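Visitor: One structure follows; several queries about it will come next.
The values are calculated or read from the model by the stated rules, or taken from the named source; none is laboratory data. Values in this document were obtained by computation on a predicted structure and should not be read as measured data. Cβ sites come from the backbone with ideal geometry, for glycine too, and all protein chains shown count toward neighbours. Ligands, DNA and RNA are excluded from the accessible area calculation, which covers all protein heavy atoms including side chains. Shrake-Rupley method; radii C 1.70, N 1.55, O 1.52, S 1.80 Å.
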Amino acid sequence: MAESKKLPARDEDFANWYNEVVQRSELADYSPVRGSMVIRPWGYGIWENMQSALDKMFKETGHENAYFPLLIPLSFIEREKEHVEGFAPELAVITQAGGKELEEPYVVRPTSETIIYSMYAKWVQSYRDLPILINQWANVMRWEMRTRLFLRTTEFLWQEGHTAHATAEEAEDETQLILDVYRRFMEDWIGMPPLTGLKSESEKFAGAVRSYSCEALMQDNKALQAGTSHFLGQNFAKQFDLSFQSEEGQEEYAWNTSWGVSTRLVGGLVMSHGDDNGIVVPPRLAPVQVVVVPILTDEDTEPVRAKTKEIVAKLSEAGLRVKDDSRENLSPGAKFYEWEGKGVPFRIEIGPRDLAQGQLALARRVTPVGEKRKAFLPEGQVIAELPAYLEKFQVELLDTARARRDENTVRGVTSVDELEEALEHGAGFVFTGWSGDPAVEEEVKERTKATIRVLVSEEFRSEESPDRCLSGQGASVHEVAWARAY
RNA sequence: CGGGGCGUGGCGCAGUCCGGUAGCGCACCUGCUUUGGGAGCAGGGGGUCCCCAGUUCGAAUCUGGGCGCCCCGACCA
């Protein structure tokens, strides 16, 4: 193989590998505008599959979709103090339109809390109007200093759910419900098992009372904040007069939640499963699950072509997403590399020899240890068993990622020295006790570059909970997970 | 905003030091032969050398100014 066609080594230069693989697999390309990207059909196809799975989960939990406008009056953003402080540096502001200076500037939404709760205020009078459970699929804009394809771009696509409830308990339940939806989605669809928990004060969403997060561990052992669910309390309700009359006749402010995942998940997928040959797309999200490549020799190619069509039709009927790659200007080998680079889970080859023997060559994107790259199997078996093979592939991706996460997690660390040492030795998540003192968090961050990813939720806590803060000062109040993060 | 790198056919680059009117690989087009892991041969098309100004008989190359992009750090899903 020509050296120039190889990817940068993943274990030596992960960042470079990531940039190359995203472009080569045709997920995305740089646009002429700094920091923004074009999501190409292959990348968008994955996002669409993510969307439809998530959308279904949202609907199943009682949510509806709506759409709110891109532009928000600047004054709206400015209403909630912490919110504006959090977003001010990264706002794109429109001051001119229609050839005139605007009376009031608009911001391109960095998130939609303000416009949405101002509208809810119009729609809610009584407790009977609650809860409101709305989601929107939208683009948002945050003027970031430094950008990376999918992980942080100026404009990105996401969903943002915004709910209003009569009680704090109900809003808290909603926050947890969605956190669980995200977690399940990441595991079952992306094969990316996150750690869940509460964000520290310094890391929470600007304007939230508390934020919960799904944190996934990438192959370079950096953490990726992959989805967040916020309990907003009455912060926005008070600023936008989102109030209602309770059952008892009292005027009360509603309780809000907001939650979102973005196209960043595509980046997470790449960094979870990709290898030196390209990306690996989990079957449930793959725009193409099986590619069929005919081997056309100088003999009569008609029978091979016909068989290819037949196999594609049968697999489509079985509900699989199948691609017929009968292009004539490329050799089979070139096609193999192309589809492997794009992460298609399975490839079927059909040649004259297979035809004669009633078999097909089946190649898996990721070859299990000890198995051959290709298996020659009876046609009937391939047709009948492929759905199960895909399912198995899906599960194995999750298992592998989970094992990697756990192997790279270090528990029971009791000092900053030890934390630093663990990180220097390439640890991913490092669990310690923490007193809750923000100064400790700040100092450790300064020294190690690691941040508290989450105050670990119960399920992920260590069997023996830490009793001292890693600073050496005071008792531990929370077990926390540290990591260097994207 | 600081540090580094880079702007030359679609992509990756050489040429720049030492000025003489642009070349290589891949990709693309045509034809023939091929096709079970990135095909071969032959022919062919395509470039305001990032922009502006200057020096010069002559600038991709020298001088000055500007712009853009990427990477590494400070902010963030």
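Visitor: Assuming R0 = 25 Å, what is the FRET efficiency of A:K122 and A:L177, from their Cβ-Cβ distance, to the nearest 0.05?
Guide: That pair, A:K122 with A:L177, gives E of 0.45.
Visitor: For region A:3-273, what is the accessible area per residue in Å² when the probe is 1.4 Å?
Guide: So region A:3-273 comes to 42 Å² accessible per residue, rounded to a whole number.
Visitor: Tell me the angle of helix A:168-185 to the major Cα principal axis of chain A, expressed in degrees between 0 and 90 and rounded to the nearest ten.
Guide: In chain A, helix A:168-185 runs at an angle near 20 degrees to the longest axis.
Visitor: Further question on the same structure: Run the reach check for A:K5 against aspartates and glutamates, Cα to Cα strictly under 14 Å, same-chain hits fewer than 8 apart removed. What comes back?
Guide: A:E20, A:D276, A:E338, A:E340
Visitor: To continue, here is another question. Compute the signed sum of charges (Lys and Arg +1, Asp and Glu -1) over the other residues within less than 14 Å, Cβ to Cβ, of A:R183.
Guide: That works out to -3.
Visitor: Just to verify a number: FRET efficiency for A:E252 and A:N329, C-beta to C-beta distance, R0 = 45 Å, to 0.05?
Guide: Once rounded, the FRET efficiency stands at 0.05.
Visitor: Sorted by accessible area with a 1.4 angstrom probe, largest first, how do A:Y117, A:Y486, A:Y337 fall?
Guide: These residues rank, largest area first, as A:Y337, A:Y486, A:Y117.
Visitor: Among DSSP beta bridges lying fully in chain A, give the percent that are antiparallel, nearest 5.
Guide: Taking every DSSP beta bridge with both residues in chain A, the antiparallel ones total about 85 percent.
Visitor: Give the Rg (one decimal place) followed by the Dmax (whole number) of chain A, computed from C-alpha coordinates and expressed in Å.
Guide: Over chain A's Cα set, Rg and Dmax evaluate to 25.3, 85 Å.
Visitor: Can you tell me the FRET efficiency between A:S202 and A:D13 if r is taken as the Cβ-Cβ distance and R0 is 25 Å, rounded to the nearest 0.05?
Guide: With a Förster radius of 25 Å, E is 0.25.
Visitor: Can you pull the one-decimal nm distance between simple spin-label points at A:K100 and A:V369, each 7 Å off the Cα toward Cβ?
Guide: Each label point is offset 7 Å from its Cα along the Cβ direction, giving 7.1 nm.
Visitor: Only loop residues by DSSP count here, and only those with at most 11 other Cβ atoms within 10 Å; note down the trypsin sites (Lys or Arg not before Pro) in region A:1-72 that meet that.
Guide: When the trypsin sites (Lys or Arg not before Pro) of region A:1-72 are filtered for loop state and at most 11 Cβ neighbours within 10 Å, A:K6, A:R34 remain.
Visitor: Please compute the per residue accessible area over region A:419-486 with all protein chains in place, 1.4 Å probe, rounded to a whole number of Å².
Guide: I get 50 Å² per residue for this part.
Visitor: Under the rule of -39500 (n - 2.57) per DSSP H run of 4 or more residues, summed and divided by the residues of chain A, what mean residue ellipticity at 222 nm is obtained, to the nearest 500 deg cm²/dmol?
Guide: Helix-only estimate at 222 nm: -10500 deg cm²/dmol.
Visitor: Over chain A, with every protein chain in place, what whole percent of the accessible area is carbon and sulfur at 1.4 Å, could you tell me?
Guide: 48
Visitor: Give the shape of region A:290-390 as rounded, prolate or oblate, defined through the alpha-carbon gyration tensor: a ≥ b ≥ c are the square roots of its eigenvalues, a/c under 1.5 means rounded, and otherwise the shape is prolate if a/b is larger than b/c and oblate if not.
Guide: Since a/c stays below 1.5, the shape of region A:290-390 is classed as rounded.
Visitor: Roughly how many Å² of A:M141 are accessible to a 1.4 Å probe, to the nearest 10?
Guide: Approximately 40 Å² of A:M141 is accessible to the 1.4 Å probe.
Visitor: To continue, here is another question. Provide the net charge surrounding A:A361, with neighbours chosen by a C-beta distance below 10 Å and charges set as Lys +1, Arg +1, Asp -1, Glu -1.
Guide: Computed value for this residue: +2.
Visitor: Roughly how many Å² of A:D467 are accessible to a 1.4 Å probe, to the nearest 10?
Guide: Looks like 110 Å² after rounding.
Visitor: What nm value, rounded to one decimal, do you get for the distance between A:E446 and A:T297 when each label is placed 7 Å out toward the C-beta?
Guide: For A:E446 paired with A:T297, the spin-label model returns 7.2 nm.
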